[in-house]
1. Which one of A:465, A:447, A:421 is farthest out on the positive end of the charge dipole of segment A:406-473, using unit charges on Cβ (Lys, Arg +1; Asp, Glu -1) and the Cα centre as origin?
2. Quick check: net charge around residue A:172, other residues with Cβ under 11 Å of its Cβ, Lys/Arg +1 and Asp/Glu -1?
3. With charges only on Cβ, +1 for K and R and -1 for D and E, what is the dipole size of segment A:147-198 about its Cα centre, in debye, rounded to 20?
4. Enumerate by residue number the chymotrypsin sites (Phe, Trp or Tyr not before Pro) in segment A:379-482 meeting two conditions: DSSP loop (anything except H, G, I, E, B), and at most 13 other Cβ atoms within 10 Å of the site's Cβ.
5. Need the list of lysines near residue A:8 for cross-linking: C-alpha distance under 22 angstrom, and skip anything on the same chain fewer than eight residues off.
6. Over chain B, what is the relative contact order in whole percent, taking alpha-carbon pairs under 8 Å and six or more residues apart?
7. Taking the Cα centre of the protein assembly as shown as the origin and placing charges on Cβ (Lys, Arg +1; Asp, Glu -1), which of A:483, A:236, A:286 is farthest toward the positive end of the dipole?
8. From the residues A:148, A:107, A:138, which one has its Cα farthest along the dipole of segment A:101-151 in the positive direction, the dipole being from +1 and -1 charges on Cβ of Lys/Arg and Asp/Glu about the Cα centre?
Amino acid sequence: MGSTAEIKRLQSCINDLISVLALPAIWSGSKSSQILSTLLDVLLTMLRLDFAYARLNDASDGPPIEVVRLGDHRHSPIQPQQFGQALDRWLTADQTASRCVVPDPAGEGEVSIASFSLGLHHEVGVLVAGSRRADFPTEIERLLLRVAANQAGIGLQDAQRSGEQRRIAEMLEQRVAERTRQLTAANDDVRRSEAYLAEAQRLSRTGSFGWRPSTGEIIWSEETFRIFQYDRTTIPTVELILQRVHPEDAALVKQTIERASQDGKNFEHEYRLLMPDGSVKHVHVVAHALSNESGSVEFVGAVMDVTAAKEAEDRIRLIINAVPALIWTARADGRLDFISQRWLDYAGIDTGTIAGGELGERTVHPDDIEQLQNKWRVAVAEGNPFEAEIRVRRFDGEYRWFLSRACPLHDRSGHILGWYGNDIDIEDRTRAVALRDGESRILEMIARDAPLEEILEKLVRVVEAQFAGLLCSVLLLDEDGQHVRHGAAPSLPKPYTDAIDGLCIGPKAGSCGTAMYRREPVVVSDILQDPLWEPYRSVAEPYGFRACWSTPILTHSGKALGSFAMYYREPRSPSPAETHALEMATHLAGIAIERRLAREERERLRQAQAELAHINRVTTMGELTASLAHEVNQPIAAALTDANTCLRWLNRDHPDVEEARQSALRIVKDATRAGEIVGRTRLLFRKSTPQRELVDVNEVIREMIVLLRSEATRYSISVRTELADLPQVMGDRVQLQQVLMNLMTNGIDAMKDVDGTRELAIKSQRTDSGQLLISVSDTGVGLPPQQADKIFDAFFTTKPHGTGMGLRISRSIVESHGGRLWAADNSRRGASFYITLPAQVEAA
Amino acid sequence: MMPAAAPTVFVIDDDDLVRTAIQGMLKSVGLRSETFGTPQDFLRSKHPDGPSCLVLDVRLPGVSGLDFQRELADAGVRIPIIFITGHGDIPMSVKAMKSGAVEFLTKPFRDQDLLDAIHQASPPFLAASG
């Protein structure tokens with residue numbers, strides 16, 4: 001081979017060297033693996049190597065990058081990692097640029113390898129070239145490989161460095177992107193919150209604001225601008241606010257704002273805005289004071305458009321004012337804050353002239369105010385429902401009774417927010433109740449027959465108590481129906497009632513005299529004007545009487561008994577309540593007077609009856625004179641005989657005193673009997689008022705038998721008694737004696753002319769119902785046929801000389817004892833008379 | 001000489017005071033007597049056989065003394081009767097005397113009058129009352 005070959009070889013070598021030196025340009029911007037692949041491909045081709053292997057330690061401590069290239073026609077399934085491991089032990093020592101022979105990692109036999117570090121040390125990697133040629137590597141090959149390794153080392157370091165930078169750049173970029181995303185999201189939230197807030201403010205008609213009094217700076221939310229109807233571009237100021245405030249509220253708002261700016265305290269106020277279009281808005285402003293580090297105060301607050309609520313409230317007030325009740329509300333502390341129009345109309349005041357606190361003092365009756373205030377204080381303090389009955393003055397000055405009630409309004413947690421009160425006019429009800437009570441008391445007095453004067457006086461007082469300033473009088477009409485008599489007028493001056501007493505009724509006789517005359521109510525609204533009073537004007541005038549309404553007190557048959565009158569010292573006409581009271585009083589007076597008249601009538605009748613009963617007794621006794629004389633005669637005869645006997649015993653030669661004493665004892669008995677009979681007879685003749693006492697009916701029967709025995713004997717009538725044990729009765733002894741005597745003499749009379757048995761049987765017994773039953777039976781002619789029911793009638797008699805009053809009187813006596821008297825024919829012969837009497841409880 | 005049975009005065013009067021008064025008076029003059037409230041009681045009693053007389057009240061419950069006098073006569077009872085009455089009247093006394101009454105005394109009577117009537121009715125009483 002000559003120099004030509006050498007030259008050629010050198011030229012080829014230089015070309016190769018240029019190619020290797022050009023590699024970095026190719027590698028620029030490439031990744032490490034690409035650099036290695038290109039390097040190995042170039043070296044394998046250039047040096048006709050059997051294999052080339054490169055390993056690059058990764059900068060980020062990951063697994064190394066290993067690449068292997070095999071020479072032409074060589075194929076091996078071997079992986080770069082296995083290749084690396086096979087070569088590894090030859091590479092551990094510093095084999096750089098050394099040459100050694102090693103087993104072929106990709107086949108059989110041996111192979112010469114040359115290894116070079118990539119970069120200054122092994123930190124970057126290693127390059128291994130292998131060839132079966134024995135001379136491998138030649139100097140030139142070694143040079144080429146070393147240059148290539150150096151170039152690759154630089155390229156790889158560049159690639160590594162740029163990769164690192166790229167990674168950092170990417171990481172930064174990523175972080176920026178992340179941050180950007182976060183910020184974007186955050187901004188979205190803020191934007192959303194702002195939108196929400198604006199929407200919420202718009203919906204709730206609540207704007208917000210900030211205000212720094214020290215600088216005058218005011219910040220408004222969108223809604224605040226809208227509420228005040230200022231353009232968003234306007235710079236809000238206190239002056240702008242005040243421009244919008246309703247003129248009537250301006251002073252107060254200004255004051256509030258000024259005070260807040262001075263004392264820097266929370267404030268809250270409500271006022272009206274007068275909008276440019278003339279409409280009115282109600283706003284409620286709440287502001288909280290915040291202090292910043294510098295010590296100056298800043299207010300943050302809300303402006304609420306409460307127009308709708310106010311309008312609703314106005315509607316409620318309209319409704320409340322339409323309710324026919326007096327309604328009011330009070331704050332939790334008890335101060336009135338609303339009074340319905342009705343209330344104000346009733347009292348005749350308007351809110352402008354009166355503050356809530358003094359309303360009570362202005363309208364409630366002085367006698368009730370203290371009670372009212374005490375109760376209200378207690379209710380407010382304890383939070384309990386309030387109730388009081390008070391008199392409230394009407395616009396015309398009249399006080400009327402009201403039931404005042406209030407209930408606390410609680411929030412959910414039970415705190416009292418305020419009070420709702422309502423006052424009900426109970427005047428008519430109260431009066432009706434009082435009148436009814438009075439009416440009951442008077443009826444009670446009438447029922448227990450209290451003296452008429454007392455009843456009428458009470459009646460007058462009851463009615464007078466119902467109406468302030470009312471004076472009443474009751475006049476009675478004399479029995480002649482012409483003259484009036486004083487009845488009751490405790491409140492009228494005595495000289496006046498004296499003057500009225502005895503006056504004549506007539507068509508023009510004041511209110512009362514005319515009312516009694518006409519028998520219809522007379523209403524005189526003004527005594528000084530009414531012609532009816534002309535004759536009596538001078539009588540009434542000194543006492544100031546101006547109105548007098550009188551109603552006649554009439555009997556059922558329409559006869560006038562008197563009058564009830566109402567007087568006032570001012571001209572006026574009766575209200576419905578007064579008319580009602582007048583009617584009631586007249587009615588009650590009528591009952592009382594009629595009852596008194598009836599009582600007097602009854603008394604007269606009773607006296608007449610007593611008189612008649614007495615005559616009946618006297619008559620009966622007169623008829624019995626012979627029998628009574630005989631009855632007295634008997635003991636007298638016995639006494640005479642006994643007296644003679646007594647003397648006889650004493651007149652003996654040896655007087656028998658014991659026998660004489662026995663005779664004398666008999667005289668005593670005889671005389672006693674005679675005295676008794678005379679006494680009983682006298683009792684029956686006596687005129688006495690009925691007396692109630694406990695009476696033993698059996699005893700009365702026996703007494704009457706004693707009196708009538710002679711009469712019975714005279715007509716050969718036997719008297720039989722069957723007397724059971726009886727309780728006593730409450731009654732009049734003489735009257736009961738009279739009844740029994742009547743029945744027994746009737747029985748005797750009935751038997752005088754009959755043949756056969758003549759027996760008068762008197763029985764007494766107690767019935768199952770506890771009453772006493774007494775029967776007087778005879779065997780006489782029996783009751784008059786077809787006239788049995790008439791025998792108790794007055795003046796009915798079958799006797800030639802009878803008065804016809806005996807049974808009539810007997811029945812009235814029995815009935816006045818709560819009993820009954822009747823008659824029936826006996827089944828065989830004669831008649832029986834039966835008396836029932838209620839038994840009296842023994843203790844009575 | 002004393003009779004076999006003591007003479008007895010029978011007294012019928014519904015008034016116990018009058019009965020006991022007459023009995024007491026008869027006792028004071030030594031005369032025996034028996035008293036009855038009603039004629040029925042008298043009829044039911046056992047009458048001694050000795051001399052007797054009857055002091056009879058005209059008015060008796062259920063039956064009059066005059067009727068009883070007739071009843072006794074109709075029954076064949078022979079006994080002198082002395083009537084006593086609270087309120088005698090002439091027709092009644094005539095009727096009684098005609099029917100055989102010994103005497104008709106009106107209360108109050110003197111006791112001697114009754115004794116005389118008794119003696120008149122039955123002489124043995126005079127001896128007894130010595």
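What follows draws every value from the coordinates through simple rules; no lab data is involved. Bear in mind the structure is a predicted one, so any value in this text is a computation, not a measurement. All Cβ positions, glycine included, derive from the backbone under ideal geometry; neighbour counts span all protein chains shown.
1. Among A:465, A:447, A:421, the one farthest towards the positive end of the dipole of segment A:406-473 is A:421.
2. For residues surrounding residue A:172, the net value is +1.
3. Once rounded to the nearest 20, the dipole reads 20 debye.
4. Taking segment A:379-482 and a limit of 13 other Cβ atoms within 10 Å, the loop chymotrypsin sites (Phe, Trp or Tyr not before Pro) found are A:395.
5. Leaving aside lysines fewer than 8 places away in the same chain, none come within reach of residue A:8.
6. 25
7. In the protein assembly as shown, that residue is A:483.
8. Selected residue: A:148.
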